[in-house]
Structures are given as C-alpha cells and as structure tokens.
Amino acid sequence: MADYHVQFEKDRGVWSVKRAGASRASKTFATQAEAAKQAKVYADNSGGGEVNVHKKAANQVRDKRTIGKKDPRSTKG
C-alpha cells in the first residue's frame, strides 16, 4: 500500500504526482484532474492507499481519497 500526493509545482507550472516520501515526482500533468486520476491508478496498482490532492495556492490538502485493497477472490458472496 502506498500513499500519493498531487501537488502544484510553481517553478515549473505543472501538477505532479509523488509517492509519499519520494524526492522526485512520478509524473507531471498540465491539469489537476489528470494528475489526480493517475494518482488513483498508482494507488490502486500498489494494493491501495490514500491519494491527497493539494490546493494550488496554499498547498494544503483539499481532498483525500482512500483506495481500498483489491479483493483476491473472484467469486461474489
């Protein structure tokens, strides 16, 4: 499970997706929506986690999304 942060990089003018504790961005995007969508995919692929979407100006968390673990069983019930 891994947590991801969606933050605006003022010096480059792009939205970045960073894994918690990472020094570099996993990927950068032109819009916040694209970055948040990709962060959700990354969290889902790593077995779940939390996606923290930050505000552009103040860099405060404005939205938290918890991505759950995938169910290992393919049967319903």
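The values are calculated or read from the model by the stated rules, or taken from the named source; none is laboratory data. What you see is a predicted model; the values in this text were computed from it and never measured. Positions of Cβ are generated from backbone atoms using ideal geometry, with glycine treated the same way; all protein chains shown enter the neighbour counts. The accessibility values were calculated without ligands, DNA or RNA, using every heavy atom of the protein model including side chains. Shrake-Rupley method; radii C 1.70, N 1.55, O 1.52, S 1.80 Å.
For segment 10-30, which positions are within 23 Å of SER46 (Cβ to Cβ) and either open to solvent by 100 Å² or more (accessible area, probe 1.4 Å) or not hydrophobic (A, V, I, L, M, F, W, C) (or both)?
Step one: of segment 10-30, the residues within 23 Å of SER46 (Cβ to Cβ) are 14-29.
Of everything in segment 10-30, those that are within 23 Å of SER46 (Cβ to Cβ) and either open to solvent by 100 Å² or more (accessible area, probe 1.4 Å) or not hydrophobic (A, V, I, L, M, F, W, C) (or both) turn out to be SER16, LYS18, ARG19, GLY21, SER23, ARG24, SER26, LYS27, THR28.
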- Can you tell me which residue in segment 30-45 is farthest from MET1 (Cα to Cα), limited to those that are among the aliphatic types (A, V, I, L, M) and part of a helix (DSSP H, G or I)? ALA33
- Item | Selection count where residues are within 14 Å of the chain's Cα centre (by Cα) and outside any loop (DSSP other than H, G, I, E, B), scope segment 1-29 | 13
- Query: Looking at segment 39-47, is at least one residue more than 12 Å from the chain's Cα centre (by Cα), within 19 Å of LYS69 (Cβ to Cβ) and free of Cβ contacts under 8 Å to residues at least 60 places away in the same chain?
  - Reply: yes
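Conditions (1) polar (S, T, N, Q); (2) touching a residue at least 24 places away in the same chain (Cβ under 8 Å), marked per residue:
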site	(1), (2)
LYS10	no, no
VAL17	no, yes
GLY21	no, no
ALA36	no, yes
ASN59	yes, yes
